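J.: The following block contains the structure, expressed as structure tokens.
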Amino acid sequence: MNQLQVDEQFSTALRAELVSKVQQKSPARRHTRLWLGAGVLAGTGILGGVGATAAGLFVVPGSPQVSTLSTPVPEATYQGPATIELGEPPEGTTGIQMDFTCLTPGLFQYQDGSRSICSPEDVGTPQAWSGYLVQLAPGQHSVTFRTEPENRWKVTAKYVSVEIGDWETNADGDTYGAENENGIPDLIAVIATNGTPGYVYRTELEEANGTAAMKTFKSPEEAVAWQEARGDKDSLIPVYDTTGKTVVGEFAIAGGNGSVGTAPPVKNYFPEAPQKTAIPVAPN
Amino acid sequence: MGNVEADDGRLWERSLQGEGDAFGLLFDRHRDRVFRHAYRLSGQRHDAEDILSMAFLELWRRRLKVRLVDGSVLPWLLVTTTNVARNSKRSALRYRRLLDSLPRGEGIANANDDVFLQSEMDRDAARALATLGTEDLQLVSLVVFEEYTVAAAAAVLGLSPAAAKSRVHRARKRMKTAINGALQPPPVLEGDRL
């Protein structure tokens, strides 16, 4: 009996169409040097605060206070997949902080499934840098990155202990600071499009990024309709100083499909690893 | 099959994050079964290809609504295939331009007698299936042809297992009557020979 088969030519074309349709919707196609899995907002400049605080630029209440516990492993260049031994973690270690830089375009993936995508335009610019703070897994004493054999990258890493600070409260009684494990303050630390650090109201952010709308959706269709109605438009909301009254800039929330189409195909080099757990940090 | 099916969840999750390749793998995995089901319902190769396309396009368009059953998207796809086939003219409007733009291989339709005879028989079977109501057809597709448990089919269709069971029983009887009444000798159903 003839085994009925789909016309291969038709099927190949259909498959390509489906793959491209899915990729068009991809949050990963947004210009991303920060780690996917850290949430959509990571790419838009919300401050984790580590680097900025360390650099003395801007003290963000509630941000993780990172103490270095070990000498960083010297920055070295690698090609293809590699594992870097860090030695035994010192007493009190809670995490590993890494500075990762891609030297060629490509997809670079860390062992917890997070990844950094470098476009040709990123290489040699600050966009090639990714800061990375991960929790120490029991027994962990190395970090592994995987990528295609021809891709080059460099990294340095050190053991740290991380303590979450407290938020501050302004004259109006609103809390301000960084989002952290304890939740979200009333005013969230961000970097405005003009480069000025400041705060956005959580309510305004949630209104603009769809979190507020999401709570009102009664069905998935409403969510899709909202997404479609919003389209690719960027939303702008005001950035304030700690008083929550003086505007110091604007904060942009990228619309639906993102804008950069040069990212390489997304691939999972760690099929066994769970997605996410990375905490993005601001550049030093 | 169990392990392979279990991986759907992860591929689906990655698809939702915009990884086209993951969606491509789902397509590779389920393409043939969806196509055969579409063919079973339409009895025409080109129609079945269109229905296959529409089922996968709908899978993506309605992604927030998709329910995985036992970690697999296949039951949802098969139900959607049934609905699309039922409604293929109207559904096709949404995707017409895309469907027309997809290239097709040459010289496959009715190229030899075996295929011709088979396609005649399949058309008869498709007509017999067309006598079932939509819900019964969905159930029969999942339980009779695709060998899902009644419980799994009930889950994807939002029915109670007891209601699904009695519906399957009634639908089987109806289908037998339709096939036996309409055809001499009864055709070999796709589900029997695959």
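J.: Kindly indicate whether A:ILE84 is over 18 Å from the mean Cα position of the chain (by Cα), of a type outside the set (Phe, Trp, Tyr), in a strand (DSSP E or B) and surrounded by 15 or more Cβ atoms within 10 Å (Cβ to Cβ).
T.: The answer is yes for A:ILE84.
J.: I would also like to ask the following. So in the stretch B:11-21, with the set limited to residues that are over 11 Å from A:LEU18 (Cβ atoms) and open to solvent by less than 10 Å² (accessible area, probe 1.4 Å), which one is farthest from the other protein chains (Cβ to nearest Cβ)?
T.: B:GLU19
J.: If I filter the stretch B:33-41 for residues that are at pLDDT below 85, more than 24 Å from A:ARG115 (Cβ to Cβ) and touching an Asp or Glu at 6+ places or on another chain (Cβ under 9 Å), do I get at least one hit?
T.: yes
J.: Then there is this: Tally up the residues in the stretch A:126-147 that are open to solvent by 50 Å² or more (accessible area, probe 1.4 Å) and within 20 Å of the chain's Cα centre (by Cα), please.
T.: Number satisfying all stated conditions: 4.
The values are calculated or read from the model by the stated rules, or taken from the named source; none is laboratory data. Not measured: the values here are computed from a predicted model. Cβ sites come from the backbone with ideal geometry, for glycine too, and all protein chains shown count toward neighbours. Side chains are part of the model used for accessible areas, which takes the heavy atoms of the whole protein and leaves out ligands, DNA and RNA. Shrake-Rupley method; radii C 1.70, N 1.55, O 1.52, S 1.80 Å.
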